[in-house]
Every structure is written in C-alpha cells, then in structure tokens.
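Asks: One structure follows; several queries about it will come next.
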Amino acid sequence: MRILIVEDDPVLADGLTRSLRQSDYAVDCVSDGAGADHVLASQAFDLVILDLGLPKLDGLEMLRRVRRRGSRVPVLILTARDTLEDRVKGLDLGGDDYLTKPFDLPELEARVRALIRRGQSGGSSLLSHGALALDTSGRRATLNGEPLDLSGRELGVLEVLMLRSGRVVNKEQLTEQLYGWDEEVGANAIEVYVHRLRKKLEPAGVSIRTIRGLGYLLEKPPHA
Ligand code: CA
C-alpha cells in the first residue's frame with residue numbers, strides 16, 4: 001500500500017514517514033502543494049495525508065484540483081486549523097477524514113487503515129485466493145486457516161499479487177507499491193521475496209508464475 005504525505009514541516013513529515021514505514025507502507029513525501037498536485041496527476045497512491053497550510057499551493061486548493069481531475073484517492077486532512085469552517089470546507093472539497101494537530105500516532109494509523117480499507121474492494125479488507133486469505137487491514141495472512149509467517153515485504157508482495165490476481169504484475173509495479181522514492185531497492189529484492197513466498201505457498205497448491213520478461217502472476221486457485 002502506497003501513501004503520499006504532503007507536509008511542509010520536515011520534523012512531522014519525517015516522524016510520520018518513519019512510523020508508517022514501520023507498519024510496512026510504502027511512503028513518499030512532498031513538501032508543497034504544487035509538487036503534490038504534480039505527483040498525484042501522474043502516479044497512483046492508496047492514500048494521501050494532506051496538510052492544509054502549504055507553500056506554493058494551499059492544501060484545500062490542491063485537493064480541489066485532484067478531485068476535479070476525477071481522482072478518488074482517499075485523503076486524510078491533517079491540520080492545525082481547528083475551525084469548523086475549515087473542517088467543513090475540507091470535507092466538502094472531497095477530503096475523507098480530518099485530524100487536528102497535535103494528534104497521537106496510533107489514532108492516525110487507525111484512520112489510515114480505515115481509509116485504505118474503505119478505498120479497496122467496497123470496504124472489505126479480506127482477500128482470499130484458494131487456501132490463502134489475507135486481511136489487508138490487520139496485515140495477517142493465513143493458509144488453510146493456519147497463520148502464515150511472512151515478513152512485512154513478503155506480505156506486501158502477496159497483497160499486490162492478490163489484488164491483481166489472474167493478471168500479470170511487473171517488477172516495477174511491485175517496487176512502486178513496496179518502496180518510497182528514497183529507499184534503496186536491491187536489484188534482486190523482488191525476486192527474493194517471490195522466491196520466499198513460493199516456498200511457503202506451494203505446499204498448499206498456491207503458485208506464483210513467472211512470465212518471462214513481463215512479471216509475475218498469481219495463478220487461479222485449482223478448485224475455483
Ligand atoms: Ca503546514
């Protein structure tokens with residue numbers, strides 16, 4: 001799951017980035033409204049955390065532009081402006097939720113999970129594929145009902161493959177979903193995660209096929 005933080009306070013942006021990455025989200029940051037508008041016009045995110053007081057382009061105006069382009073990406077507004085007027089305006093312009101600074105990180109993370117869940121598959125957070133089930137909000141996977149021991153990145157790869165089950169997912173798409181722009185990605189990192197996933201999934205008949213030159217495909221479950 002990929003999150004864009006739009007925040008001009010470097011300390012807050014850094015703290016948020018670190019804590020969300022610890023929860024295995026891919027996180028990118030932009031520090032002004034115009035930059036965020038540009039990024040959102042060309043790249044896909046699962047959630048935007050938006051500060052309102054921003055240089056270059058105000059957060060509310062940026063949000064207006066994003067919605068005018070037809071984007072439905074969930075937006076969590078984050079602001080020190082705790083006036084009813086701003087709150088109403090933010091929600092009217094297409095914000096999905098609102099959090100006033102200062103806030104507690106656990107509360108922010110709970111809202112992030114709820115918004116991402118709402119944004120996916122009509123609100124359901126449970127993906128299933130044959131013997132395999134994955135709870136995207138609880139970040140847990142099970143195989144034949146038994147808990148599956150996966151690292152955060154393995155879970156991330158599996159989540160992307162399950163969301164696009166039956167379709168080929170290329171390495172760039174996986175990298176984009178799993179890492180922020182400034183994170184170092186080893187050349188074989190994705191192969192390594194896929195390899196580890198295969199070892200854990202194949203005994204239960206769930207297989208990830210390599211489509212040479214194109215990417216990976218989570219094959220349809222045999223009995224579905
Ligand atoms: Ca600000």
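Asks: Label-point separation (nm) for ASP9 and GLU107, each offset 7 Å from Cα along Cα-to-Cβ?
Replies: My value for the distance between the label points is 1.4 nm.
Asks: Test of understanding: what is the full-extension gain from ARG68 to ASN144, defined as 0.36 nm times their sequence separation minus their Cα-Cα distance? Before the final figure, lay out the partial values.
Replies: Working: separation 76, 0.36 × 76 = 27.36 nm, distance 4.45 nm.
Here the segment from ARG68 to ASN144 would lengthen by 22.9 nm.
Asks: Rg/Rh for the chain to two decimals, with Rh computed the Kirkwood way over all alpha-carbon pairs. If you can, show how the numbers build up before the last one.
Replies: Values: Rg = 18.5 Å, Rh = 18.5 Å.
Value, to two decimals: 1.00.
Asks: Also, quick follow-up: Grab the DSSP H runs of the chain that are 4 residues or longer, score each as -39,500 (n - 2.57), total them, divide by all residues and round the 222 nm result to the nearest 500 deg cm²/dmol. Before the final figure, lay out the partial values.
Replies: Working: 8 runs with 90 residues, N = 224.
Only helices count here, giving -12000 deg cm²/dmol.
Asks: Rounded to the nearest 0.05, what FRET efficiency do LYS56 and THR83 give with R0 = 35 Å and r taken as the Cβ-Cβ distance? Could you check? Could the numbers behind the result be given before it?
Replies: Working: r = 23 Å, r/R0 = 0.65.
It comes to 0.95.
Asks: Taking Rh as the Kirkwood radius, which is the inverse of the mean 1/r over Cα pairs, what is the Rg/Rh value for region 2-121?
Replies: 0.91
Asks: For region 126-218, which semi-axes, largest first and in whole Å, follow from the square roots of 5 times the eigenvalues of its Cα gyration tensor?
Replies: On the way: eigenvalues 84, 46, 28 Å².
For region 126-218, the ellipsoid semi-axes come out as 20, 15, 12 Å.
Asks: How far apart, in nanometres, would the label points at GLN22 and LYS220 be if each is projected 7 angstrom from Cα along the Cα-to-Cβ direction?
Replies: 4.4 nm
Asks: Moving on to the next point. Report for the chain the percent antiparallel among DSSP-assigned beta bridges with both residues inside it, nearest 5.
Replies: On the way: 16 of 33 bridges.
Close to 50 percent.
Asks: Assign unit charges at the C-beta atoms only (+1 for Lys and Arg, -1 for Asp and Glu), then state the dipole size of region 2-121 relative to its Cα centre in Debye, rounded to the nearest 20. Could you put the intermediate results ahead of the total?
Replies: Working: 18 positive and 21 negative charges, 115 e Å.
Dipole magnitude for region 2-121 comes out near 560 debye.
Asks: Mean Kyte-Doolittle of at least -1.0 and a Cα length of 27 Å or more along the axis: which whole DSSP H helices of the chain meet both?
Replies: none
Asks: If you take the beta carbon distance between ALA34 and ALA187 as r and set R0 to 30 Å, what does 1/(1 + (r/R0)^6) give as a FRET efficiency, to the nearest 0.05? Don't skip to the end; give the middle numbers.
Replies: Working: r = 34 Å, r/R0 = 1.12.
So the FRET efficiency works out to roughly 0.35.
Asks: So what's the gap between the Cα centers of region 1-37 and region 129-189, to the nearest angstrom?
Replies: Region 1-37 and region 129-189 have Cα centres spaced 21 Å from each other.
Asks: Report the calculated FRET efficiency for LYS199 and ARG167 (r = Cβ-Cβ distance, R0 = 35 Å), to the nearest 0.05.
Replies: Values: r = 23 Å, r/R0 = 0.66.
Efficiency computed from Cβ-Cβ geometry: 0.90.
Read-outs: derived from the displayed coordinates by stated rules, not from any lab. As the structure is a prediction and not an experimental result, all values here were calculated from the model. Glycine also receives a Cβ, built like all others from the backbone with ideal geometry; neighbour counts cover every protein chain displayed.
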